[in-house]
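Below: one structure, written as structure tokens.
The values are calculated or read from the model by the stated rules, or taken from the named source; none is laboratory data. Everything quoted here is computed from the prediction, not taken from an experiment. Cβ coordinates were reconstructed from backbone atoms using ideal geometry, including for glycine residues, and neighbour counts include every protein chain displayed.
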Amino acid sequence: MTIIDDTDYGTPRVSSDETATVTIDGREVTVPAGTSVMRAAAEAGIQVPKLCATDSLKAFGSCRLCLVEVEGGKGTPASCTTPCADGMVVSTQTEQVKDLRRNVMELYLSDHPTDCDGCARGNCEMQRLAQETGVAEVRYGLDGANHLADTTDHTNPYFDYDPAACIVCSRCVRACSETQGTFALTVEGRGFDSRISPGGTDFLSSECVSCGACVQACPTDALTERSVVQLGMPTRSVVTTCAYCGVGCSFKAEVQGSGDDTRVVRMTPWKDGGANEGHSCVKGRFAYGYASHDDRQMEPMVRDTIDDEWRVVSWDEAIARVAEGFRAIQEKHGVGSIGGISSSRCTNEEVYVVQKMVRAAFGNNNVDTCARVCHSPTGYGLNHAFGTSAGTQDFRSVEQCDVMLLIGANPTDAHPVFASRMKKRLRQGAQIIVADPRRIDLVRSPHVEAAFHLPVRPGTNVAFVNAMAHVIVTEGLHDEAFLRERCEDVDGYLGFIAQPEHSPEAMEEETGIPAADLRSAARLYATAPNAGIYYGLGVTEHSQGSTMVMGMANLAMLTGNLGREGVGVNPLRGQNNVQGSCDMGSFPHELPGYRHVSRADVREIYESLWGVTIQPEPGLRIPNMFDSAIGGSFLGLYVQGEDIAQSDPNTQHVEAALRSMELVVVQDLFLNETARFAHVFLPGTSFLEKDGTFTNAERRINRVRPVMPSRVGRDEWEVVCDIATAMGYPMSYGSPAEIMDEIASTTPTFAGVSFSRLDAEGSMQWPVTDAAPHGTPTMHVGSFVRGLGQLTTTVYVPTTERSNRKYPLVLTTGRILSQYNVGAQTRRTPNSTWHPEDVLEIHPADAELRGITDGDVVELSSRVGATRLTALVSERMPAGVVYTTFHHPVTGANVVTTENSDWATNCPEYKVTAVQVTVATEATRAAAGEAPEASSAPMPAGAMARHR
């Protein structure tokens, strides 16, 4: 019998060849042996009252409301914890059962306010159950022995905790531990002194990560979202997809009103969401307020030069200005003098029309996307090794993983919902190897401790992965049968990697990893029944990013960890649709579906459909655009939803390029840093207004449904079509569904995708083809997309960006849980309560050497620039390495990052910058100009602890 972790009705589903036939209230039902009576009753159409059981938590059996009577002297057990046995006869509504439930309910109500606000709003599950069980009044009180006088905790910016309304059912505690895995909540005291406590402090100062699982689980008004208190209960809901990270969580947007009067009351994670299955993080659950922020620009604006004031114009005038400006540039400087950058925050359909506009209306291949600066090495490396530019597994696969190799990623901050899946599997007995210079939470957190933390020195990833492979090969731990059957160039690779120069001992000084630890970690990975690799930008944002991706693919092929659940090579994508933006042909060398523009057969598909000639040569990448702009040959740029002046490296170089252009067009929600150099600003739409699809990191195509009409009068795909049409290439669609139909008709991996199928069947993971009509959760089963897997000799080439006497430290960067990318969205929400400014983490030894103490303002300088931050003395980084985030433009972290990039894709080497850190003196402050103001809001104690 296999237990499947799906806990509807407070008990796990079971899969078994054995069955049990039971009779419940006279109805006969057959279920797998081991199914709970509560679940069996539900499947028979009988709802048993329950308070501690929910559809997402394990059976607990504490509330005693779900009592049933079992014939044969079996008494009145809790139905949620009682398994069905063949021939069992159960009654759910006998007089004895009803009387027991009434008595239990009276005890609960005696410790619950009679004037509960939640009851008045219809938001109290317990009051509904009281009515169902027939309790109209309470016969006894507790004369002050309960907690009705306890004060409310208002510290969390999104929800309040009123202990007076709490019945200590422990659902919130269990949600925090079982679903989220943070263990921030506990029950303190005993009997009538029992209290739910966030670690003995208030919610804001605790370890609570504000995922909302406790709020969703609470059956009373003890934990309540402020939006519900302020606006009242929602009247309808729309299922859509989160617009933050690449996990791609599904939510029910619960709203009031309709049309332009639509108000979002709350975002409730959708239980049937394939990526999140009812869970969420603080960003997706609560940080949607930016969509209605006063900073949003609602009308198009133009100006003649970047020194002029903006002038509001009509859509028609703005589009005419864009079209005329681009045509004039091309007439003067040539067809290739303009280009576009698509957004990974936009839908597949919006991104598709951007690359179509560039190729059909602009007449060139000068289109690129933000994946250039994050996961372009993933596309290159995985395509080279396996034949497709995407991860190999679905997220659920981690539940079958025995050893996780986590490289250059911090899932608890950057992909928190998936991190909860990882932590759950680790609590079940799986092991994790963390290869990261920083001691992230998954190295050690409640009930989770890494088998190994390998603090790989920034810039030496390839040396590290080669040493891992060397151990596996020289100790005979590789899967010879898999290699010979499924891979090519086997002998050449085995000979290369077995060379002594790749040994952990030879690489120890380079990587900083003790050879013994690396050998033990390699053995653990190689001998696991199922081992999976999960990685992030700490892999790709290096000068050898593509080489490292191929090195990880080598590792998976060496050990046969491909083509089944629990294994694979899995990139944790950064933005909500970065996978989709790549799928849609946003790179200058590829048409949709990762097919090179040099292929005549692929160009013919689009030339026949679009009625244009497509250039067979790749266009300009983003760095090439900047260089050509400064050189005078690239003078017009359309930027869709990307803040390149903040997000791209070497800010001075980016700004110089933007200043050199004759026409910069920015389409976004807010006047961002890039808009400072724009001549035309086109207002964009938030995810709450979009109709289309996002594709997440597991290749899952999710529907994005409009919760409200476009607040700016036009959808973004319509604006792009209007620009193309105004430039002389007629382009129009009746709806985003028509755009997806065109994508499906021209892109093999999307052949079976349509809005109607997604609406009817739910999300799908590409490829969706005749051979896989419902999608492909696991790739490369039996064979690779390219046929044989490509083993590649991954030569380690040290980065040229190395510390020296002038810049003796190495800077690496990353994200934090509460903020997202350049912060344009999250900084306009109360999430800034937790992270009001970017800080610089520095090891105590490095801080002491420089006379730096906690809270000092320091200058961070490199060979290309300098900025100032507040210092946080922390042992999370090894000596010699400093760390910061990049969420606040006032910090300008990319002022110091250099032009170094990946050899194959030009992905910037954000993770390795040689720097110096000094206390900011009055002189350096004056030289740097206006000092960035530190926030007056102190960082909560819990958040500061997580930083450390």
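Numbers below:
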| read-out | value |
| --- | --- |
| From Y638, Y606, residue being assigned by TED's automatic domain parsing to the domain that holds G334, more than 19 Å from V302 (Cβ to Cβ) and aromatic (F, W, Y) | Y606 |
| Residues (touching a strand residue (DSSP E or B) at 6+ places or on another chain (Cβ under 7 Å) and either among the charged types (D, E, K, R) or part of a loop (DSSP other than H, G, I, E, B) (or both)) located in the stretch 780-800 | L788, L791 |
| Strands (runs of 3 or more DSSP E) enclosed by the stretch 834-948 - at least 1 residues per element that are of a type in the set (G, A, S), at pLDDT 90 or above and surrounded by 20 or more Cβ atoms within 10 Å (Cβ to Cβ) | 857-861, 866-873, 913-919 |
| From the options G728, G752, G782, G787, residue that is surrounded by fewer than 21 Cβ atoms within 10 Å (Cβ to Cβ) and free of Cβ contacts under 8 Å to residues at least 60 places away in the same chain | G752 |
| Members of the stretch 703-725 that are crowded, with 19+ Cβ neighbours inside 10 Å, closer than 26 Å to V312 by Cα and in contact with a Gly (Cβ under 8 Å, 6 or more places away or on another chain) | M708, V712, E716, W717 |
| Selection status of R699, under 24 Å from the mean Cα position of the chain (by Cα) and closer than 30 Å to R263 by Cβ | no |
| Unmet requirement for R101, which otherwise passes all of (1) modelled with pLDDT under 90; (2) of a type outside the set (V, I, T); (3) part of a loop (DSSP other than H, G, I, E, B) | (3) |
| Among residues of the stretch 184-236, those that are polar (S, T, N, Q) and over 23 Å from D111 (Cβ atoms), counted | 7 |
| Some residue of the stretch 354-369 being within 25 Å of the chain's Cα centre (by Cα) and more than 19 Å from G692 (Cβ to Cβ) | yes |
| Strands (runs of 3 or more DSSP E) wholly inside the stretch 618-700 containing at least 3 residues that are over 28 Å from T378 (Cα atoms) | 663-668, 680-683 |
| Test: residue in the stretch 434-445 that is more than 28 Å from G284 (Cα to Cα) and assigned to a helix (DSSP H, G or I) | no |
| Failed criterion for R13 (all others in (1) under 26 Å from T220 (Cα atoms); (2) at pLDDT below 90; (3) out of contact with any Leu (no Cβ under 7 Å at 6 or more places or on another chain); (4) not polar (S, T, N, Q) hold) | (1) |
| Breaking point among (1) of a type in the set (A, V, I, L, M); (2) touching an Asp or Glu at 6+ places or on another chain (Cβ under 7 Å); (3) surrounded by 23 or more Cβ atoms within 10 Å (Cβ to Cβ), for M552 | (2) |
| Within the stretch 806-831, considering residues that are among the aliphatic types (A, V, I, L, M) and part of a loop (DSSP other than H, G, I, E, B), the one farthest from R438 (Cα to Cα) | A824 |
| Residue in the stretch 457-472 that is in a loop (DSSP other than H, G, I, E, B) and in contact with a Lys or Arg (Cβ under 8 Å, 6 or more places away or on another chain) present | yes |
| Filter result (surrounded by fewer than 24 Cβ atoms within 10 Å (Cβ to Cβ), of a type in the set (S, T, N, Q) and farther than 30 Å from Y606 by Cβ) within the stretch 364-409 | S397, Q400 |
| In the stretch 759-788, the residues that are in contact with an Asp or Glu (Cβ under 7 Å, 6 or more places away or on another chain) and among the small types (G, A, S) | G762 |
| Test: residue in the stretch 290-298 that is among the aromatic types (F, W, Y) and in a loop (DSSP other than H, G, I, E, B) | no |
| Residue within the stretch 195-211 that is surrounded by 24 or more Cβ atoms within 10 Å (Cβ to Cβ), at pLDDT 95 or above and β-branched (V, I, T) present | yes |
| Subset of the stretch 299-312 (residues that are more than 17 Å from D715 (Cα to Cα) and either in a loop (DSSP other than H, G, I, E, B) or touching a residue at least 40 places away in the same chain (Cβ under 8 Å) (or both)) | V302, R303, D304, T305, I306, D307, D308, E309, W310 |
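Every residue, every condition in (1) touching a Ser or Thr at 6+ places or on another chain (Cβ under 6 Å); (2) at negative phi; (3) basic (K, R); (4) in a loop (DSSP other than H, G, I, E, B), yes or no:
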residue	(1), (2), (3), (4)
C346	no, yes, no, yes
E350	no, yes, no, no
Q355	yes, yes, no, no
R359	no, yes, yes, no
G379	yes, yes, no, no
A385	no, yes, no, no
E399	no, yes, no, no
